[in-house]
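What follows is a single structure, written as structure tokens, with notes after it.
The values are calculated or read from the model by the stated rules, or taken from the named source; none is laboratory data. This one's a predicted model, so the numbers in the text were calculated from it and none came from an experiment. We place every Cβ from the backbone using ideal geometry, glycine too, and count neighbours over all the protein chains shown. In case anyone asks, the SASA skips ligands and DNA or RNA and just uses the protein heavy atoms, side chains included. Shrake-Rupley method; radii C 1.70, N 1.55, O 1.52, S 1.80 Å.
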Amino acid sequence: MKLIFGLGNPGGKYAATRHNIGFDTVTALADKYRIALREKEHKGLCGKGQIGGERVILIQPQTFMNLSGECVREFTGFYKASAEDIIVIYDDIDLAPGKLRIRQKGSAGGHNGVKSIIAQLGTQVFDRVRVGVGAKPEEWDLADYVLSRFSKEEEPLIRDGIARAVEAVETILGQGAEAAMNRFN
């Protein structure tokens with residue numbers, strides 16, 4: 001079984017913001033595979049189903065971004081899952097809008113949600129799907145930027161990025177992270 005976490009912030013105020021690209025990708029996976037995201041457990045909103053023959057739980061942590069690790073720790077503990085059994089999808093300001101980067105391990109790279117996960121799990125080894133949301137303009141505050149919505153010009157790139165992130169998760173599940181890295185990086 002794989003636990004697939006899409007990072008973001010709960011509530012309508014944060015819907016469709018740069019920081020919620022992980023939520024949006026999990027929603028796209030849920031829609032494609034008809035997995036209802038309605039169960040609330042372990043500090044997350046989740047749905048259980050199958051993708052390509054693999055049992056999965058799709059999860060949107062409800063702890064707010066900076067405490068995402070609490071939800072990840074509770075799910076992994078309850079389901080007795082290892083870090084190798086999780087996939088984390090999140091935004092990356094170092095990538096152009098819609099671009100992907102797949103990794104199997106590494107630092108948080110300044111992302112507070114990933115910092116929280118690393119701190120709670122005690123490891124940096126877990127699969128990640130990073131979706132580009134574009135670089136912060138120099139005059140912007142980082143928090144304001146990641147909580148902003150996409151421009152009309154960026155929206156098609158982001159829709160494509162979410163669709164490709166869904167494909168990347170499918171590839172990780174079916175062929176492994178290395179195959180996904182070779183295809184999407």
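Annotation for the stretch 57-120: trypsin sites (Lys or Arg not before Pro) lying in DSSP loop with at most 14 further Cβ atoms inside 10 Å of their Cβ are Lys80. Solvent-accessible area per residue in the chain equals 47 Å², computed with a 1.4 angstrom probe and all protein chains kept. Every helix of 4 or more DSSP H residues in the chain counts as -39500 (n - 2.57), and over all residues that averages to -11000 deg cm²/dmol at 222 nm.
For the stretch 1-73, carbon and sulfur atoms together expose 48% of the accessible surface, with a 1.4 angstrom probe and every protein chain in place.
In percent, rounded to a whole number, the relative contact order of the chain is 25, using alpha-carbon pairs under 8 Å and six or more apart.
Cross-link pairs exceeding 19 Å between alpha carbons, from the set Lys99/Lys152; Lys2/Lys43; Lys99/Lys136; Lys48/Lys80; Lys32/Lys99: Lys32/Lys99. Of the residues Gly113, Phe64, Ser82, the one whose Cα sits farthest towards the positive end of the charge dipole of the stretch 4-159 is Ser82 (charges of +1 on Lys and Arg Cβ, -1 on Asp and Glu Cβ, taken about the Cα centre). For the stretch 41-176, the equivalent ellipsoid derived from the alpha-carbon gyration tensor has semi-axes of 25, 18, 14 Å in decreasing order. Shape annotation for the stretch 28-104: C-alpha extents along the principal axes are 34, 28, 23 Å, from largest to smallest. So, with a 1.4 angstrom probe, what is the percent of accessible area on the stretch 97-185 that is carbon and sulfur? Answer for the stretch 97-185: carbon and sulfur cover 47 percent of the accessible area. Sorted largest first by accessible area at a 1.4 angstrom probe radius, with every protein chain in place, the residues Met181, Met65 fall in the order Met181, Met65.
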